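Just so it is clear, none of the values below were taken in a lab; they were calculated from the coordinates. None of the values given here were measured: they were computed from a predicted structure. Don't worry about glycine lacking a Cβ; one is built from the backbone with ideal geometry, like all the others, and counts go over all protein chains shown.
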Amino acid sequence: MMLSFAKTLKYRLVFTYPSELDKIMSINNIICLEVNELYTDKQLHQYKTTLPSFCFFEFTQELQTTISEAKELLLEKGFHELSFQLSAVNWFFKLTNRYHHDITTFIHINEKAIYFSGKMRPFEIVHFRTPEISINQLEFNQTPIKPIKISQLKGPLAIGLITKIDNLNKQYKETEDLYYGIEPLINELQQLDEQTAMDLHLHCDSQLDLIKRQGNELLSKMETLEKEMHTLSRAVLHKVFGVSKGDWISYLPAKSTSLIQLQYDHCDIYEYNLTMRGPGITKKGELGKREQVISIELVSET
Amino acid sequence: MNIQKLISKIKIARKRRLINSFHLSPKSGIDVGDEEYQSVLQLLKDMFKCFKANKCSIDVSFYGEIFITLAECDHSFELSITNRPRCIDIKSAETHLGDNHFIKMNSSSFNNSLTVSVKTMRKKSEWKHYRISEFDIDGLVLAELIIKNMHQRVRYYSNSDEALSLDQQTKLDRLAAIHLGGAILGKSSMLHHLSSSLRKIIYISKITISAKSIIIGDSLDRESSYHYFGDREANFFSQYLINY
């Protein structure tokens, strides 16, 4: 009994040790950041004592979870940046050669990066911050490249999202048709208005005005639909492919042999084509200067 | 002075230590977070007991600096308790940081450990650090080791120490008080405007703060400017400025 237990334990140790070790190695990371002062002219500042020299924080599993939760919330609510108070950060002062405690620290999380800011009594607003540190650089020593596989679009979540996009697309097309239907008339009337001596445009309930108003309404509806589709396409990227801004991705298009690699920076959607853009990744594994494009057709196979 | 009185003096001085944020040569003493403060005071109490038992005299200044004078010989040292990383690691961080915005480091070196530091009251003397965790948070053992080390060090001293100038107001104290006053009292106070005007002056030869006015001497000491203040500022100075 004991022997079999020992064997299982050994087996487990052998097989879990490397991954556990990796985990520990990646968890126990202390990051040292420089600190920049805010809102001051750089020539002379007498408050140099109130400015920390370095910021140290440990990149723990807990912080990693917080960041990924915040990223979810950013995507869900369409926020640009989240910031909240955090205590697990140490500010080191060269002048006193120690960590100072009387600092209120805030962590700022956006889709790509995080940074910290702080204030010391008696300042009432944050007066120094660290530079941004990319979340990918924080998590990995060498940024991994995530492959995009079209087969992932067959999952139920993907199908749901694509159906939504599909519906929006139909609505968009209908609105677009309506708009282009009345557009020539609006243009004609506008030209007529400019050329004629009659006051065509003065009455607010005149036909010209009504048509113009409808045209504007249709345009704004198209914009809203476009925005919704854009949010949904970002959701597809995040929830289906697990890709968020700043991630390195690769894609092998069908009927092609050359692999496209890029750092995802922004995406747009037109009809069923989802296009991801960003600087390309060179063969050396570094970010290049040229912009690369990955285009995927979103088709729900139901 | 008995130990309890010394400890309460340190507690009272804690709020005045805010001046350190604006001080060009910040005062030594106790600078730890709220959650550690009580346990540090307990540790200090044990250390004080040991110092007393070894017939050392203990002084606590207006700003909470702690000075211990050894019994037989007339040598004193400052004592401070703070959270510090190791000095060598800070140097390496500084060199590595260079052009980068951030660096990843080994976790073992930057643990935020409580450190008792001592420095003799002599020119160019350096701080010696003792990590509290290495002594199982036992103040008696730590204090005994500090006394032993100090006695060893004192044997090599040929001349006497700098005079222990407890509770003496310096120019830097006055300057820090003006800047802190400007920050605390806000734009409605003249200290705020004086503080920002002093920012432009590279060297100030003399600052005098009297009951109702501040006199600033310029670099050549030919002209002095007078700045009058009211009751709010006077109250502030009585709270934060030593010997006001």
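Looking at the square roots a ≥ b ≥ c of the eigenvalues of the Cα gyration tensor of region A:150-297, which shape do they give, rounded for a/c under 1.5, prolate if a/b is larger than b/c, or oblate? Prolate, because a/c is 1.5 or more and a/b exceeds b/c. Shielding value for A:86-97 is 4, the average number of Cβ atoms from other chains within 10 Å of each residue's Cβ.
Principal-axis analysis of the Cα atoms of chain B puts helix B:87-97 at an angle of about 60° to the longest axis. Entry for region B:171-240 at q = 0.21 Å⁻¹: log10 I(q)/I(0) = -0.84, Debye formula applied to identical alpha-carbon scatterers, no solvent contribution. Shown for region B:3-154 is the translational diffusion coefficient from the Stokes-Einstein equation, using the Kirkwood radius over Cα pairs, a temperature of 25 °C and a viscosity of 0.890 mPa s: 147 µm²/s. Just to verify a number: FRET efficiency for A:Gln64 and B:Leu166, C-beta to C-beta distance, R0 = 45 Å, to 0.05? Calculated transfer efficiency: 0.35. Need one word for the protein assembly as shown: rounded, prolate or oblate. Basis is the Cα gyration tensor (sqrt eigenvalues a ≥ b ≥ c); a/c below 1.5 gives rounded, then a/b vs b/c decides. In terms of gyration-tensor shape, oblate.
Modelled label positions at B:Gln4 and B:Ser196, each set 7 Å beyond Cα in the direction of Cβ, lie 4.9 nm from each other. Only the Cβ atoms of Lys and Arg (+1) and of Asp and Glu (-1) were treated as charged; on that basis the dipole of the protein assembly as shown about its Cα centre amounts to roughly 3000 debye. Among the listed pairs B:Lys15/B:Lys123; A:Lys149/A:Lys221; A:Lys154/A:Lys284; B:Lys104/B:Lys124; A:Lys77/A:Lys221, which are separated by more than 26 Å between their Cα atoms? Flagged as over cut-off: B:Lys15/B:Lys123; A:Lys149/A:Lys221; A:Lys154/A:Lys284; B:Lys104/B:Lys124. Measuring gaps between exposed loop sites in chain B (trypsin sites (Lys or Arg not before Pro); DSSP loop; at most 13 other Cβ atoms within 10 Å), the longest gap, sites not included, is B:56-122. Taken as Cα centroids, region B:146-177 and region A:143-177 sit 73 Å apart, rounded to the nearest whole angstrom.
Free of any GluC sites (Glu not before Pro) that DSSP assigns to a loop and that have at most 14 other C-beta atoms within 10 Å, the longest stretch within chain B is B:1-71. Annotation: amide H-H contacts under 5 Å for A:Gly288 (H modelled 1.01 Å from N, sequence separation of 5 or more, or interchain): A:Gly280, A:Ile281, A:Thr282.
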